[in-house]
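Right, one structure below, let's go through it.
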Amino acid sequence: MLRNKILVFIVIIGAFMRFYNISNSPPSMNWDEAALGYNAYSILRTAKDEYGAKLPLITRSFDDYKSALPIYPMVVTIAMFGLNEFAVRAPTAFWGTLTIVLIYLLAKRLLKSESAATLAALFFAIEPWSVHFSRVYHEATFALFFYLLMCLLFLASAKTNKLIFWAIISGIISLFSYHTNKVLVPITFLGFWVLYRKQINAYSKKIKLASVIFLVIGGVVFVQQILFGNALARAESASILRAEKLVELPVQIIRRYFLYFSPSNLFVYEPKEPASVVPGNSTFYPFEIIFWLIGLTFLAVKFKKNKTFVFLMFIAPVTASFTWNLFEPARVLSLFSLFSILIGLGASLVWKKSKPLFKIFLVIFFGILIPMSTLYLFDSINYKIAARDYGSWQPGFRESMPTVYQKSFDFKQVVVDTPHAQPYIFVLFYSSYPPQKYLQELDLLKIGNPRKVYDFGKYIFRSLNFSKDKKDPDNLYVIWKGSAAFDQFSDDELAYIKEVENVNNDTIVKIVAFIKQDEK
């Protein structure tokens, strides 16, 4: 059928936008990608994460206690392709591609419109936020897939009751996958119970009993993780409650909530969070605002027929509203997915209400505008990020760490001086440091909890200043631009030097070793 061929074409375009060149763009890894990747590598080699926890549900990481569930698909790709950017990012590109199909099915279920569902899938496949978060390994993308799957399966369970089991399982996976969903998923289940009481009451006793058992098991495990596994550690550090005065809280929470519905944030400005930016692009394409507004108007007028859609959209930004960030796209991917459906609805309504002559104009206008916008996004992703925003992706580690690891066998210590966040994880990742060796060298008492010491084996992480520090010939030094020690030596003092440049041909890393005094 034609509609199936169109959907397949949309999925192919979406897959291309997500998979093409993901090893090189974004350039290098961010610290969360490196952490998830190395923990997956450690689990692959030892069945333990970087702190020695065996097959964990939650991994300590940077003391933010990330969910370990999104790590396990990465274990498979690292086993297949090795420890590199492609292996780390391929799973998220895969989930992002599958979500295109989910958007189509969920839109069709919510709106009862084939054209709206197809257009929603098209917009979702090529929107800047959707493509970007499918190209970096972020647990939010993994959690989004299972959240949307939960919603779809629950709605479909009215006709096939057994699907409720899979809806609950999908919800539990989503809940354990990302911090935001630890609140969003329970609220969604509660809302579904209120909205669909008749449907739920129509389930057989066996279905009801089994569903309760599934929910209780998931709840018990979740509570156990809260009490003993620091499942809410990230919520504590990100909460607005730590930053705002009690009197100002209601205003700040409401402000943050509505910022996620702000047309300027959605359709005009680049996001300010570094890992959420595609240079030159807003979260959605500017032209989509027309369809978004039409879709919102339709939902307001036809509220009774679209209560589920409105409910899901209403609750999506709740958790993000209680965090200190004013606008953090990663925390509201479920809302943005619903906006994609809303935009598809608006475009469908415009098409249905248009006269034949205006339809010709729409085909020509958007037949040019949509491909041009997609090509601009493609250029931004593959070239502008590397040229403008390379600093947000920890450049220099990929180019320097393999050399550092190889040279480390010739030295007593490797001293790493860098302003980058959590440098130890990049040393582990880009040197493919053996997890068995790292676990043997890790002193849990010495590093503390929260972690204060990042040294392991020969590697020492500290600031350098050669006006005070000895230039020890037994040490290999890794020095980043911006360090006091970056230019505090001359060529005649060096036994070895390798310089690493960024895309603008500026030296950003120097790997150096000094001549022994008796050799001068």
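Derivation of every value follows stated rules applied to the coordinates shown; laboratory data play no part. Note that the coordinates shown come from a computational prediction; the quantities given were computed from them, not determined experimentally. Cβ atoms come from the backbone with ideal geometry, glycine included; neighbour counts cover every protein chain shown.
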**Q.** Student exercise, the chain dipole from Lys, Arg, Asp, Glu Cβ charges, in Debye to nearest 20
**A.** 3220 debye
(Q) Whole angstrom only: what separates the Cα centroid of region 461-520 from the Cα centroid of region 303-344? (A) 50 Å
(Q) Just to check I understand the Karplus step: with θ = phi - 60° and J = 6.51 cos²θ - 1.76 cosθ + 1.60, what whole-Hz values come out for region 36-41, glycine and proline as x? (A) 4, x, 5, 5, 5, 4
Q: Taking the dipole about the Cα centre of the chain, with the C-beta of Lys and Arg at +1 and of Asp and Glu at -1, give me whichever of N181, I515, L442 is farthest to the positive side.
A: N181
Q | Share of alpha-carbon pairs per 10 Å distance bin for region 370-520, given as whole % | A | 10, 35, 30, 16, 6, 2, 0
Q: Could you pull out every residue, at least 5 positions away or on a different chain, whose amide H is within less than 5 Å of the one on K48? Hs are placed 1.01 Å off N in the peptide plane, and Pro or chain starts have none.
A: I43, L55
(Q) Could you work out the pair-distance distribution P(r) of region 1-96 from its alpha-carbon pairs, with 5 angstrom bin width and percents rounded to whole numbers? (A) 2, 14, 22, 20, 15, 10, 7, 5, 3, 1, 0
(Q) Run the paramagnetic zone check for I515: 7 angstrom along Cα to Cβ, then residues of region 451-478 with backbone nitrogen under 19 Å. (A) 470-477
**Q.** Convex hull volume per residue in cubic angstrom - Cα atoms of region 444-509
**A.** 137 Å³
Q) What's the extension gain from I12 to S432 if we count 0.36 nm per residue and subtract their Cα-Cα distance? A) 147.9 nm
Q. Restricting the count to DSSP beta bridges whose residues both fall in the chain, what percent are antiparallel, rounded to a multiple of 5?
A. 65 percent
Q: Provide the FRET efficiency to the nearest 0.05 for the K452-K206 pair, computing r from the beta carbons and using R0 = 60 Å.
A: 0.65
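Please report, in debye to the nearest 20, how large the charge dipole of region 394-519 is about its Cα centre when each Lys and Arg carries +1 at its beta carbon and each Asp and Glu carries -1 there. It would help to have the intermediate numbers written out before the result.
Values: 16 positive and 18 negative charges, 127 e Å.
Using Cβ point charges on Lys, Arg, Asp and Glu, region 394-519 gives about 600 debye.
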**Q.** Antiparallel %, DSSP beta bridges [both residues in region 365-520], to 5
**A.** 60 percent
Q.
Using the Karplus curve 6.51 cos²θ - 1.76 cosθ + 1.60 with θ = phi - 60°, what ³J(HN,Hα) values do you get for each residue of region 479-490, in whole Hz, with x for Gly and Pro?
A. 10, 8, 4, x, 6, 4, 7, 4, 10, 8, 7, 10
Q. Angle between the Cα long axis of helix 249-259 and the longest principal axis of the chain, 0 to 90 degrees, nearest 10?
A. 80 degrees
**Q.** In Hz, Karplus ³J(HN,Hα) per residue of region 184-194 (6.51, -1.76, 1.60; θ = phi - 60°; x = Gly, Pro)
**A.** 4, 5, x, 5, 5, 4, 5, x, 4, 4, 6
Q: Could you work out how far helix 2-19 tilts from the main Cα principal axis of the chain, as a 0 to 90 degree angle to the nearest 10?
A: 20 degrees
Q: Any chance you could get the radius of gyration and Dmax over the Cα atoms of the chain, in Å?
A: 25.3, 89
Q: Extending each Cα 7 Å along its Cβ direction at V268 and F409, get the distance between those two points in nm, one decimal.
A: 5.9 nm
Q.
Compute the helix-to-body angle for 397-408: its Cα long axis versus the longest principal axis of the chain, expressed 0 to 90° and rounded to tens.
A. 40 degrees
(Q) List the lysines whose Cα sits under 22 Å from the Cα of K182, skipping any in the same chain fewer than 8 residues away. (A) K66
